[in-house]
Every structure is written in structure tokens, then in C-alpha cells.
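Rule-based calculations on the coordinates, nothing more; no lab input. Keep in mind that this is a model prediction, so the values were computed, not measured. Every residue, glycine as well, gets a Cβ built from its backbone with ideal geometry; the counts of neighbours run over all protein chains shown.
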């Protein structure tokens, strides 16, 4: 399968990490890209990198917790790019730590960005895609949304919501020419830990960073898998082998899977309390 040409794309949270990688991947495919981020300068920096590949790109500020701002972003694509064919709802944040130590403010922060931001993006884009008879939606979730590991309750819930929303929209709009894919990677190098909230320790954060650095699949590989998948009409995007294996085990033997997670978490708590 191939994308329509010219391809006009909008990406949220594209000032760095996976969002930037998707913008550059789309540029390699000749797409025009409207890059957005809550930090204006980061969006403009990504847009400049995209333009260096010989395609049109502009950077704009967008706070995805603001529904009006997300709708305005999609409207802006019509003004600046002449329309929208693809939206990547990528903006996201992390919250970690024991459930009872996560504040309700941090819960709301995660839900507002990770879940509502995706809902708003889909709400804004789908009517325009339906009207033109085609469209592509990439919703960035996480393997955590499929596996729900301990000490990540707020993050897990928001990402599981993104998975569920994407599954629903895939079935609801496939017959109307709209492809929906949900991206569920494990660890790869991003800036998400720098802005993380919750109740994790410095040692725990450092361990996550080590896992990110060791990953054989980094942001460009995740971006390519995401764009290829939505182009080809594939719902689930799982770029990492360990993520695919864990999800397969969960589906095959869910009780055994969570008993195993419980034992591993017990050992984790024992080690945590020794520090």
C-alpha cells in the first residue's frame, strides 16, 4: 500500500524523541509536516530539520490538554498545508511509583496529556478525514498499556485508554477509509524521564534510562514501524521483540503472567527497602 500524494501530516509532541523521529521519517517520504510541541522553540527546531530534507514544514505551539488548541492545530493544517491526511497523537508524559504515593494532581496531569490529548486529536481530525474519504491516525500508547506492570498505575491507565480508543476507532472507521494504528513500544531513548512525575527514586530512574540506552530499537525504528503500519492498515505497532513476547504470554496465560509480575515486584520492593 502507499500513501496519497501529497501527504499532509500533523504531529503533536514533536519537539524531540519519537515525535521528531516521525516528522523526519515522514519527510523522507515526501510529506509536508506541521510540527507541534508545547515548547515553541523545540517545534521550530524540528520543523527546520524537516525542511532540510526538502519538504514543507512549520513549527507551532500546541498544549494538547486544551481541546480548543488541538482543534485549532488541525484547522491550521488546512491553512498551512492545504489539509490533513495523517495525524500522529504523540504528546505524552510519564508518572511512576507506588499507587498510594501518586498524587491526584499527577493523575490528572497524566490523564489530561496522555489520554485527553489523544481524544482531542482524533475528534479534530476524523470529521475532516471522513469528508475526504481517507485518513491515517497514529496514536502513541506504550507496551505498558498492554501489560500494566506494577508501580506505573497512572501511566498504565492512560496508555491502556489510548489502546482501547484506537481499537474502537479502527473498527468504527476502517470502512470509511480511515486507518488507525496504536504504537506500543517498550524502552527507547527519549526525554520523558526528565519531566517524569510521581514517586520514583533516582536509582529507579537511572535504571529506566539504562534500559532505554540498551534498546536495539530506538526512536527512528519505532517511527518507521509506526508509519509503515498505519500505511498498511495494521492496528498494533509493537517494534520490540520483548514487548511482543510479553503480550503473547499475557494473552495466553493472563493469571500466570500477573502472578509472575507479582513475584518480580515483591523482589523489587525487598531490594528497594534495603537501600
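Results, tabulated for the structure shown:
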{"item": "Label zone at residue 130, where the point sits 7 Å out along the Cα-to-Cβ direction: the stretch 68-106 residues whose backbone N lies under 13 Å", "result": "none"}
{"item": "Reciprocal mean inverse distance between Cα atoms of the stretch 161-268 - Kirkwood radius, Å", "result": "16.1 Å"}
{"item": "Relative exposure of 22, 196, 240, judged by other C-beta atoms within 10 Å (fewest first)", "result": "196, 240, 22"}
{"item": "Packing-based exposure ordering (other Cβ within 10 Å, fewest first) of 174, 216, 224", "result": "216, 174, 224"}
{"item": "Label-point gap, in nm, between residue 256 and residue 1 - each point 7 angstrom along Cα→Cβ", "result": "3.4 nm"}
{"item": "Folded to 0 to 90 degrees: helix 117-132 orientation relative to the chain principal axis, Cα", "result": "30 degrees"}
{"item": "Helix 67-81 axis, angle to the chain major axis (alpha carbon atoms, nearest 10°)", "result": "40 degrees"}
{"item": "Stokes-Einstein diffusion coefficient of the stretch 41-109, Kirkwood radius over Cα pairs, 4 °C, 1.567 mPa s, in µm²/s", "result": "89 µm²/s"}
{"item": "Residue order, fewest to most surrounding Cβ atoms within 10 angstrom, among 168, 186, 12", "result": "168, 186, 12"}
{"item": "Tensor-based shape of the stretch 93-191 (alpha-carbon gyration tensor, a/c under 1.5 rounded, otherwise prolate or oblate)", "result": "prolate"}
{"item": "Debye equation applied to the C-alpha atoms of the chain, log10 I(q)/I(0) at 0.17 Å⁻¹", "result": "-1.37"}
{"item": "Percentage relative contact order, the chain, counting C-alpha pairs under 8 Å, at least six apart", "result": "18 percent"}
{"item": "C-alpha center-to-center spacing [the stretch 22-69, the stretch 136-174] in angstrom", "result": "23 Å"}
{"item": "Crossing angle, helix 40-51 versus the chain [Cα axis fit, 0-90 degrees, rounded to tens]", "result": "60 degrees"}
